[in-house]
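Beneath this line is the structure, given in structure tokens, with notes to follow.
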Amino acid sequence: MRADRLVSLVLLLRQRGRTSAATLARELEVSTRTVLRDVEALSAAGVPVYAERGRHGGFALLPGFRTELTGLTHDEALAVLTAAAARDARAFGLGPALASAVRKVADALPETHRTAASDAARRILVEPDSDLLSRREVVDEVPADVMAEVRRAVLDGRRLRLRYAAAGRDPSWRTVDPLGLVTVRGTGYLLATASGADRTYRLSRVLAAEALPDPAERPEGVDLEHLWRERSARFRASGDQVTARVVVRADRREELVSTALAVLAEEAADDGRILVEATFQDLRHAVWAVWQHGTDAEALAPPELRDALRESAVALASRYGAGPPPSSRESEARPRR
């Protein structure tokens with residue numbers, strides 16, 4: 001572990017030049033004191049690292065020793081460098097490993113090749129944290145130790161014992177045979193079987209995990225994309241899902257469908273809007289999805305969705321009826337539902 005960190009430290013100094021201890025600590029996800037000890041270890045091993053004092057000081061390397069990786073084309077190098085910016089690349093606890101790998105690849109490129117690829121990569125942004133409306137995408141957080149055990153069981157083909165908190169239920173322990181890991185829009189899932197039955201677990205709900213020594217009972221090969229399509233179809237066909245017909249303004253169509261479980265059909269309406277038939281998790285989900293569009297969207301079916309939206313609109317109109325707003329004291333005294 002420390003050897004990898006020392007290599008990453010050298011690569012950071014090669015690529016960035018003089019860098020402060022605080023910046024190095026942030027990049028390597030360690031303390032400043034650890035960086036100082038690592039610098040001393042590099043110096044003792046003969047790596048020409050030196051410190052510059054002052055306001056803009058930091059650590060730097062003397063020019064020298066570099067290996068070159070000449071087999072990559074410009075586009076291949078660009079693909080590797082931009083991969084680190086993708087949100088999905090940070091899934092399953094592999095973000096730090098990817099960052100370290102990218103530093104090694106970039107450092108091994110020829111000087112002119114590395115500069116051109118790095119400049120190009122800075123002009124490509126993959127999946128930023130928020131969209132044009134400043135809406136932040138919610139990404140599930142999974143503790144590093146839990147993710148490491150899950151990943152180890154999946155890759156080593158071992159059974160997995162996990163403590164799982166299903167929605168609306170108390171956490172419980174269960175033992176599963178892991179098949180693979182899937183990430184969708186920042187949410188990670190474990191595909192597994194339990195006593196031969198298909199199971200899909202949301203990783204953010206795994207509270208603890210332990211890779212067992214027993215080999216997992218699973219086929220040699222696996223088509224994760226096929227499995228995911230099958231399980232997604234079964235999920236959409238079960239539970240309290242609501243299929244709604246909604247007309248929405250064309251420029252807000254993407255915003256509506258991005259919240260749906262599935263889009264079954266869509267066509268252009270006579271007034272230039274888009275008629276969308278989509279499935280939502282339940283009635284509450286459908287109400288929320290349509291309501292946030294205000295008058296830019298209208299639910300045509302089912303009737304219970306229209307009724308729920310009408311009740312919400314009446315309640316809102318009553319709250320903001322004619323007359324001055326109540327004082328803060330009156331508002332506090334008003335009974336809450």
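Miscellaneous remarks
- For region 211-310, the helices (runs of 4 or more DSSP H) that sit wholly inside it and include 2 or more residues that are crowded, with 17+ Cβ neighbours inside 10 Å are 253-257, 283-291.
- Test: residue in region 147-162 that is open to solvent by 50 Å² or more (accessible area, probe 1.4 Å) and either farther than 21 Å from residue 94 by Cβ or aromatic (Phe, Trp, Tyr) (or both): yes
- Checklist (1) open to solvent by 60 Å² or more (accessible area, probe 1.4 Å); (2) at pLDDT 90 or above applied to residue 203, failing item: (1)
- When the helices (runs of 4 or more DSSP H) confined to region 1-55 are screened for residues that are open to solvent by 70 Å² or more (accessible area, probe 1.4 Å) and farther than 25 Å from residue 94 by Cα, those reaching at least 2 such residues are found at 32-44.
The values are calculated or read from the model by the stated rules, or taken from the named source; none is laboratory data. Please read all numbers here as calculations on a predicted model, not as lab measurements. Quick reminder, even Gly has a Cβ in these numbers, built from the backbone with ideal geometry, and neighbours come from all protein chains shown. Heads up: the accessible areas ignore ligands, DNA and RNA and are worked out on the full protein's heavy atoms, side chains in. Shrake-Rupley method; radii C 1.70, N 1.55, O 1.52, S 1.80 Å.
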